[in-house]
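Here's the structure we're looking at; comments come further down.
The values are calculated or read from the model by the stated rules, or taken from the named source; none is laboratory data. In this text the structure is predicted, and so the values were computed from the model without any measurement. FYI the Cβ positions are ideal-geometry reconstructions off the backbone, even for glycines, and counts take in every protein chain you see.
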């Protein structure tokens, strides 16, 4: 009995019902369909977890979709420990965010459409994590991308929203191109696209090299790097991170679900899933660790100075995703997935709280216009405060355990860049705590800085929004308790307290760590200090002397401007990629087609093809003789080519 | 020698007539030259022991098809026809295309190697006359295509009726 | 005895004259006559093949070609009449409403 | 002279039934005033033929002139399907165009008879007659709106160029007949192999002339020139019919003649077909970009699709042939589906065939827009629609036959095609409606749309049934 099929197909059913009957019949009841379906998925996912805990994993093909020669594509499912964790994360977050959306999207014109897309997204995400082959993974991968595109541009009448959607779509094309190539290389190398045979055979071909553009490239490295391209696109790592902050144009529940808890972590999932490939390639691992580290510090510094509440959380997401990449890059896949799992709760919570604030502020996003919201919205304040404590790594909360494990394994692991990324990670921990509490203090403490009208409007959000907040808070606090480091476990008297690591062992293996207990205690202390230091500094700056940050911004105006402008990356891309492309297409290609040289068909620039098309269609003059002459000439050329050989 | 001379006469006349057909300005003249051409082709068929084919060449082609053509040609405004340019575009291009095709095909058919002869030799056909010989295989071996041909002719009738007979109003 | 090749060359020449006529003439009827010329060229080659192969299949084919040509003529001329009713023309260059 | 023995008529039964029913439809035209009765009668005829078809033994009859096998069966199914869908979308349309005459239905049946004969032809004479039967009926159908100049022009161009192309075909038949002394496809193949004529210029010449004539029928570049004009000018329902039936029939004879009669010179004909296929995909997709009339755009799209399907023939394997058949079946569904939507927009006094007429259709008629979206996705080849599966199988078969580079070219052109298909989608979903468009929706059209849309999605998700049927069909080829 394939009970697990219910997990993805319930949301799909909900999607179909809503999209087909939404406008006429379901209307304002759309949320019931979606919520019931996703909650059903969650129940089945929990059931699956129980089965997997007993050691019953699944890897089977259900239906052969395409069979042509050795090329086989099936709908198949792989349910192991990694999948189960993802299932729990996705269905839990999805269910709570669905419920939250009832209040948040209330009265929206496209209510049923919104829920339909959310359900479709959930389906695609579940297909992604449950796949047992690369092509189905790719299907889910593109599916979530498409849903993300729809949902970012949900307010399509707003230009910035549709532009952001387009940007996300285009930037992801770069990554997905590499990913697609990676799958092709896998198929060409192994003759199959199934995980299992690929992962068992990869050891045999790891030493092989192939000639690529004149370079001898190690096959495992090539595959790993191509797959990594896809991962950095989807998970918004440097240098393809530019789409994620703009993606905040979408409705806040979307930001919480897609751009914080689930879709953007697909890159991390991919790294973990393909750990047998990555582990064989040290260059790819180092690249992953460095990209993760750089992204995390880069995004954290930008977050320091932003004023848009959602953007700060978006940069925070970038930074935390960098952490997960860093973890995978140093071989600590389990820690990466653990952080993915805890992060999903507290980051979704942060976003939903931000949404709750926006709800109260009638869509206002600017921190400078908030303040003192504590007394108006106590539930939101309390939950967001806990979430911020969790992300800052305050001991006992979820974020602490996962972050600490990553830092320890980076430091003590065998990676050549381990110490370096550890240092960066620690600095980032400090910065994270600082900007998280800057957000809290500026929003909830002090005097209200908005207009009178806004102040009058302030209120706590409805139950449908606050209840998910409270439930997620439980996750943000307690989800880390399944992975308490053994060191701490011994202190509080629990044997093998890092139960999560043990659970994931069959899939991701056990990370190496060489260090003494003293070192481990010391590192733990440093990271806790960094977190508390960040909170404290934020308190000094934004609760105490409000003049300090202003002074600093003035004094270090140059740095401030760079951070405020996000290191000018968007501008850099605009100048180096977007504008030259446009310039080339406008000046050179159009110039050439005007000069009637048709040889440039190959330059896939649409305008050039359009120009060619305009010229080519002139051949079709409408005059019968010309048609006949072309036919006769065709026959003549073919005849000459065959007969005069 | 005599057959070759005979063939030579037919060949030259057929080619000249064909050229006249495609180059005359007045369509009526073209049709008339075509008529003469069909008679010559029929003559050639007789020369090749195909009496029945020669007969239907005259009856169907000259007698039916060309008369049909003539009817339609006479619908046209011939006076205007004589005033305008008969060719369209550049006829040298067409000449180059057709001459190149001609050279290509003639080159290719130099390698024509005939298949072994069948059992319908000239004597055999003459013994039972061409019409009988043709009729026998047409109604036995080629019964199937014959039936299809009947449907093709039916289509022609329907088509002519649908397209030419009915006068339809435009919705405007 | 006249060699087969002579017949074939005659047939090819007539065929190409037909092609030439089709490619050049403005009048639709003459174009159509050119096609008939091409069919006749094929008939010449088929009849001569039949003669040299001592096989009647070529004659059968000619018989069918003439049948189809008759049907084609009926339909083609009906089309010309339909066209003539709309535009009082039988010239190709007035039939260029659709292009590109 | 031996006694004449009546050949076995059992394999020809579908054609005989078809002929009788077409004649019945023709006569019924006199009896019934309501022409819808004829439409229903013709659909009933086709359904009857369908059942007869499955009771037909796989045999060769009439001295090998007629072959009933899995290959022809599959193509005949495409033709019958084409009739059903075309008739369903025609009923209301003919009334709107004021050409609601009964001959329309019998002509469609006769044209289909011609296609069925082509698919089963084992002899060049039958092939030629079937082709002419189909072509003549289609010329009449294309010029069916006699008061409309565009329809006249379309029929005239199609007719003259068609006659021109048939002359080439006949020349090819005569050459191969002279060389081999036979017109039977199998006998030709045997003769060529036995006498070592694989390098003979006459074989090449004949093969080239066949390629020209068949390329004309399937509208492959540079013999496609008739297609855009004929498709644009012909009545829309006939355009739908023409873009599927004659094209599939062209592929049926192309496959049989080239793989059987010219099977021994495969390298030579693939050298001819490869440039044709590339040009076809290139010109079809590129010129479609700048079209403003949707029927004309679909004409170029149809040209491009012929290019993709040619890859399967070029592959020259059973798998290639099966994928071509599969593709043509899928193409029938998605293309007629698209035309059904186009026909729905044609109302009294409103042509509805320019691309801008689709602006904002999603707002005014969301269901019609959604269906069009499905068909456009399928024509582009976006999974999980049937169009994707069709392309995938064709491309895979070409890759296995060693034409990877050709597949790369095809994929590039197919990517270009996304631009003009998705432009329609963009117009429907991203633009505001300019003027109010009303739809001429009828139950018959609804049925046609339901069938096509369901087929496009179901074949896209569960292709294996159709594919294995196509594979089984070529097994006895």
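Brief remarks follow.
- For the stretch A:629-645, filtering for residues that are farther than 12 Å from residue D:212 by Cα and facing another protein chain (nearest Cβ under 7 Å) leaves 4.
- Filter pass, residue A:474 being surrounded by 15 or more Cβ atoms within 10 Å (Cβ to Cβ) and either within 26 Å of residue A:323 (Cα to Cα) or in contact with a strand residue (DSSP E or B) (Cβ under 7 Å, 6 or more places away or on another chain) (or both): no
- In the stretch A:53-60, the count of residues that are surrounded by 15 or more Cβ atoms within 10 Å (Cβ to Cβ) and in contact with a helix residue (DSSP H, G or I) (Cβ under 6 Å, 6 or more places away or on another chain) is zero.
- Some residue of the stretch B:143-150 being more than 8 Å from chain C (Cβ to nearest Cβ), closer than 30 Å to residue D:139 by Cβ and buried (at least 20 other Cβ atoms within 10 Å of the Cβ): yes
- Looking at the stretch D:172-273, the helices (runs of 4 or more DSSP H) lying wholly inside it that each contain 1 or more residues that are out of contact with any strand residue (DSSP E or B) (no Cβ under 6 Å at 6 or more places or on another chain) and free of Cβ contacts under 8 Å to residues at least 60 places away in the same chain sit at D:185-194, D:201-218, D:236-256.
- Residue match in the stretch A:3-11 (condition: modelled with pLDDT of 80 or more and within 29 Å of residue A:462 (Cβ to Cβ)): yes
- No other residue among D:207, D:175 is surrounded by fewer than 24 Cβ atoms within 10 Å (Cβ to Cβ) and closer than 28 Å to residue C:24 by Cα apart from D:207.
- Residue in the stretch C:1-8 that is within 30 Å of residue B:119 (Cβ to Cβ), outside any helix (DSSP H, G or I) and more than 7 Å from every other protein chain (Cβ to nearest Cβ) present: yes
- Sole residue being in contact with a helix residue (DSSP H, G or I) (Cβ under 6 Å, 6 or more places away or on another chain), assigned to a helix (DSSP H, G or I) and closer than 20 Å to residue B:122 by Cβ, chosen from C:51, C:59: C:59
- Qualifying residues in the stretch B:1-14 (those that are within 10 Å of chain C (Cβ to nearest Cβ) and closer than 23 Å to residue B:63 by Cα) - the one surrounded by the fewest Cβ atoms within 10 Å (Cβ to Cβ): B:10
- Within the stretch A:142-192, tally of residues that are farther than 23 Å from residue A:270 by Cα and outside any helix (DSSP H, G or I): 6
- Residue in the stretch A:249-261 that is over 30 Å from residue A:312 (Cβ atoms), modelled with pLDDT under 80 and not in a helix (DSSP H, G or I) present: no
- Residues satisfying the stated conditions in the stretch A:57-75, i.e. outside any strand (DSSP E or B) and either closer than 16 Å to residue A:190 by Cα or at pLDDT below 75 (or both): A:69, A:70
- Looking across the stretch D:134-153, the residues that are within 15 Å of residue D:241 (Cβ to Cβ), within 7 Å of another protein chain (Cβ to nearest Cβ) and assigned to a helix (DSSP H, G or I) come down to D:136, D:137, D:139, D:140.
- Annotation: of all residues in the stretch A:72-102 being in contact with a helix residue (DSSP H, G or I) (Cβ under 6 Å, 6 or more places away or on another chain) and closer than 30 Å to residue D:323 by Cα, the one that is surrounded by the most Cβ atoms within 10 Å (Cβ to Cβ) is A:77.
- Hey, residue D:137 within 25 Å of residue C:37 (Cα to Cα) and crowded, with 24+ Cβ neighbours inside 10 Å or not: yes
- All conditions but one from (1) within 12 Å of chain A (Cβ to nearest Cβ); (2) part of a helix (DSSP H, G or I); (3) without any contact (Cβ under 8 Å) to a residue 60 or more places away in the chain; (4) under 24 Å from residue A:143 (Cα atoms) apply to residue D:425; the one that does not is (1).
- Checking each residue in the stretch C:12-37 for being more than 20 Å from residue B:57 (Cβ to Cβ) and within 7 Å of chain B (Cβ to nearest Cβ) picks out C:16, C:19, C:20, C:23, C:24, C:25, C:26, C:27, C:29, C:30.
- Condition broken by residue B:97, with the remaining ones in (1) in contact with a helix residue (DSSP H, G or I) (Cβ under 7 Å, 6 or more places away or on another chain); (2) modelled with pLDDT under 90; (3) facing chain C (nearest Cβ under 9 Å) satisfied: (2)
- Residue in the stretch D:11-23 that is over 24 Å from residue D:77 (Cβ atoms) and more than 23 Å from the chain's Cα centre (by Cα) present: no
- Filtered residue count, the stretch D:370-399, keeping only those that are within 11 Å of chain A (Cβ to nearest Cβ) and not in a helix (DSSP H, G or I): 3
For every residue, the table says whether it meets (1) under 19 Å from the mean Cα position of the chain (by Cα); (2) touching a residue at least 60 places away in the same chain (Cβ under 8 Å).
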position	(1), (2)
A:311	yes, yes
A:326	yes, yes
A:335	yes, yes
A:342	yes, yes
A:345	yes, yes
A:348	yes, yes
A:351	yes, yes
A:363	no, no
A:369	no, yes
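- Count of the stretch A:489-503 residues which are at pLDDT below 75 and not in a loop (DSSP other than H, G, I, E, B): 4
- Yes/no for residue A:87 being touching a strand residue (DSSP E or B) at 6+ places or on another chain (Cβ under 7 Å) and assigned to a helix (DSSP H, G or I): no
- Residues in the stretch C:67-100 that are surrounded by 22 or more Cβ atoms within 10 Å (Cβ to Cβ), away from chain A (no Cβ under 14 Å) and either modelled with pLDDT of 90 or more or under 30 Å from residue D:181 (Cα atoms) (or both): 10 in all.
- Only one entry in B:37, B:17, B:48 is at the interface with chain C (Cβ under 8 Å from one of its Cβ atoms), over 21 Å from residue C:72 (Cβ atoms) and touching a helix residue (DSSP H, G or I) at 6+ places or on another chain (Cβ under 6 Å), namely B:48.
- Residue identified as surrounded by 15 or more Cβ atoms within 10 Å (Cβ to Cβ), under 24 Å from the mean Cα position of the chain (by Cα) and closer than 30 Å to residue A:636 by Cβ among B:105, B:73, B:99: B:105
- Take the conditions (1) more than 10 Å from chain D (Cβ to nearest Cβ); (2) without any contact (Cβ under 8 Å) to a residue 60 or more places away in the chain; (3) surrounded by 14 or more Cβ atoms within 10 Å (Cβ to Cβ); residue B:92 misses just one of them, which is (3).
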